[in-house]
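Here's the structure we're looking at; comments come further down.
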Amino acid sequence: MTNTSDTGTETVIENAHVRVLNAFCGPVESSIYRKQQRVIVPTEKSFDALSLLKDRGFDLFIDVTCVDYLEYRKAKHRYGLVYLLASTMNTERLTVRLFVDDPQPTVASVVPLWEAANWLEREVWDLFGINFTGHPDLRRLVMPEEFTAHPLRKDYPLQGRGERHNFPVITRDHS
Amino acid sequence: MAVTQSESPSLELPENVVVSRLDELASWCRKNSLWPMPFATACCGIELMATGAAKHDLSRFGAEVFRFSPRQCDLMIVAGRVVMKMLPVLQRIWQQMHEPKWCISMGACASTGGVFDTYAVVQGIDRFIPVDMYVPGCPPRPEQLIQAIIDLQDKIQEEGTIAGREFNTRQRQEKKRALVEYPETLTLDASRNPNLQRELSKSASNLN
């Protein structure tokens, strides 16, 4: 693995994990930013790729989060999912990214691999509306159950669509 | 002294007896033994704790008995922002409190939503429950909260009745604020803005 600068991205990678991923799901895009290895895997093979990485020692699932690239310069896809993996054996870290698009952004759930992904995927579903197929219990995590929108999408208005005022008014007479 | 007393038409009272209206007596009891229900959701809650603690000592005003059961309280202090998921809980707790009861909206967030003008935060609890006192500040100092409690005591003494008739007035029954939202897109109305009119006429003359 070579890294020429601390701040720039370096595309020439000889990371063992990336080499295996290359052999498994075709040429993958990968880079290093500030000594951290990042790799972009194809969405349809994401479960198998992440399963492979788990077998290769990434036993700790740190986070899954989402980015909405609506109106983002040079963006080719609407949503980007970011998986942060780590190994408790050799403190290795890996950032796995993949992209999904409207109208039905769908990706395979990794709860069968890491139980820790359960609530994290529920949060992404709640706020971004990414559908995780194979999730055992895909309910809203932070917003109320009766909420219908996915509020962290960029096309959702900041002040909402009237949800925060949709309550009965209690006067002195009622209480 | 004895002469004036015999000449005056007033009632002669034995020692240690005062005459008052029953309403005023009830209000006097209520205002000096307020039991707060702390509904503390944010940094205002820290100031609320400081108000109850030794330095500021809310017990000087008879209101130090914080109870975490709404059944035992008569003063709800909403300290901090209330999100839309929390509001049904707030309303339920308010309804569980016994009459007579009062509500203090403490801080900018509870009163108006504060800086949190987002989809999740209620823009002022007075839209959904009755509020008696507002405390400005972000967060307010304990002195401000104490002032609000003193002012509330005055209010209770002034308008309190033993049967709670003051709550049945039309003013107290009204919704506190019109539930009018800003339109989603603000349209410029030149007829009400002389500066805009001037600019528009200027640009029109430039075009001509």
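Just one of B:ILE146, B:ILE93 is modelled with pLDDT of 90 or more, within 11 Å of another protein chain (Cβ to nearest Cβ) and surrounded by fewer than 20 Cβ atoms within 10 Å (Cβ to Cβ); which is it? Spell out how you get there, then give the answer.
Values: B:ILE146 fails: within 11 Å of another protein chain (Cβ to nearest Cβ).
Of the residues listed, the single one that is modelled with pLDDT of 90 or more, within 11 Å of another protein chain (Cβ to nearest Cβ) and surrounded by fewer than 20 Cβ atoms within 10 Å (Cβ to Cβ) is B:ILE93.
How many of the residues making up the range B:145-165 are free of Cβ contacts under 8 Å to residues at least 60 places away in the same chain and either within 12 Å of the chain's Cα centre (by Cα) or within 12 Å of B:ILE104 (Cβ to Cβ) (or both)?
Summing the residues that are free of Cβ contacts under 8 Å to residues at least 60 places away in the same chain and either within 12 Å of the chain's Cα centre (by Cα) or within 12 Å of B:ILE104 (Cβ to Cβ) (or both) in the range B:145-165 gives 4.
Using the structure shown, decide if B:ALA54 is of a type in the set (Gly, Ala, Ser), buried (at least 18 other Cβ atoms within 10 Å of the Cβ) and in a loop (DSSP other than H, G, I, E, B). Before you say what the answer is, go through the steps one by one.
Details: of a type in the set (Gly, Ala, Ser): yes; buried (at least 18 other Cβ atoms within 10 Å of the Cβ): no; in a loop (DSSP other than H, G, I, E, B): yes.
Taking the combined requirement at face value, the residue does not satisfy it.
Could you tell me which of the residues A:MET89, A:MET143 is of a type outside the set (Ser, Thr, Tyr) and either in a strand (DSSP E or B) or closer than 30 Å to A:VAL18 by Cα (or both)?
Working: A:MET143 fails: either in a strand (DSSP E or B) or closer than 30 Å to A:VAL18 by Cα (or both).
Sole residue among the options that is of a type outside the set (Ser, Thr, Tyr) and either in a strand (DSSP E or B) or closer than 30 Å to A:VAL18 by Cα (or both): A:MET89.
Taking the range A:145-155, which residues are surrounded by 16 or more Cβ atoms within 10 Å (Cβ to Cβ) and within 14 Å of A:ASN166 (Cβ to Cβ)?
Within the range A:145-155, A:PHE147, A:ALA149 qualify.
Checking the structure you have, find out if any residue of the range B:175-188 is within 19 Å of B:VAL78 (Cβ to Cβ), under 15 Å from the mean Cα position of the chain (by Cα), at pLDDT 70 or above and exposed (fewer than 14 other Cβ atoms within 10 Å of the Cβ).
Kept after step one, since they are within 19 Å of B:VAL78 (Cβ to Cβ), are these residues of the range B:175-188: B:175-177, B:179.
Filter once more, so that each one left must be under 15 Å from the mean Cα position of the chain (by Cα): B:175-177.
Remaining after also requiring at pLDDT 70 or above: none.
Within the range B:175-188, none of the residues are within 19 Å of B:VAL78 (Cβ to Cβ), under 15 Å from the mean Cα position of the chain (by Cα), at pLDDT 70 or above and exposed (fewer than 14 other Cβ atoms within 10 Å of the Cβ).
Under 13 Å from the mean Cα position of the chain (by Cα) and either farther than 22 Å from B:ASN32 by Cβ or modelled with pLDDT under 90 (or both): does that describe B:THR118?
On the way: under 13 Å from the mean Cα position of the chain (by Cα): no; either farther than 22 Å from B:ASN32 by Cβ or modelled with pLDDT under 90 (or both): yes.
For B:THR118, the condition - under 13 Å from the mean Cα position of the chain (by Cα) and either farther than 22 Å from B:ASN32 by Cβ or modelled with pLDDT under 90 (or both) - is not met.
Just one of the numbered conditions (1) at negative phi; (2) away from chain B (no Cβ under 14 Å); (3) surrounded by 17 or more Cβ atoms within 10 Å (Cβ to Cβ) is not true of A:ASP101; which one?
The number of the failed condition is (3).
Would you call A:MET89 surrounded by 18 or more Cβ atoms within 10 Å (Cβ to Cβ) and hydrophobic (A, V, I, L, M, F, W, C)?
Considered against the rule, which asks whether it is surrounded by 18 or more Cβ atoms within 10 Å (Cβ to Cβ) and hydrophobic (A, V, I, L, M, F, W, C), A:MET89 comes out as no.
For (1) at the interface with chain B (Cβ under 10 Å from one of its Cβ atoms); (2) of a type in the set (Val, Ile, Thr); (3) touching a Lys or Arg at 6+ places or on another chain (Cβ under 7 Å), each residue gets a yes or a no:
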position: A:GLY134; (1), (2), (3): no, no, no
position: A:LEU138; (1), (2), (3): no, no, yes
position: A:LEU141; (1), (2), (3): no, no, yes
position: A:PHE147; (1), (2), (3): yes, no, yes
position: A:GLY160; (1), (2), (3): yes, no, no
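If you check A:SER46, A:SER31, which single one turns out to be of a type in the set (Ser, Thr, Tyr), over 16 Å from A:TRP114 (Cβ atoms) and either modelled with pLDDT of 85 or more or out of contact with any Gly (no Cβ under 6 Å at 6 or more places or on another chain) (or both)?
Working: A:SER46 fails: over 16 Å from A:TRP114 (Cβ atoms).
Residue meeting the stated conditions: A:SER31.
If you scan the range B:101-121, which residues turn out to be surrounded by 18 or more Cβ atoms within 10 Å (Cβ to Cβ) and either facing another protein chain (nearest Cβ under 10 Å) or of a type in the set (A, V, I, L, M, F, W, C) (or both)?
B:LYS101, B:TRP102, B:CYS103, B:ILE104, B:MET106, B:ALA108, B:CYS109, B:ALA110, B:GLY113, B:TYR119, B:ALA120, B:VAL121, listed by residue number.
Taking only pairs six or more apart or across chains, which ones have beta-carbon atoms under 8 Å, a first residue in the range B:47-66 that is closer than 13 Å to B:LEU145 by Cβ, and a second residue that is crowded, with 17+ Cβ neighbours inside 10 Å and among the polar types (S, T, N, Q)?
Final answer for the pair search is B:LEU58/B:THR51; B:PHE61/B:GLN153.
The values are calculated or read from the model by the stated rules, or taken from the named source; none is laboratory data. This is a predicted model, so every value here is computed, not measured. Here the Cβ is made from the backbone with ideal geometry for all residues, glycine too, and neighbour counts use every protein chain on show.
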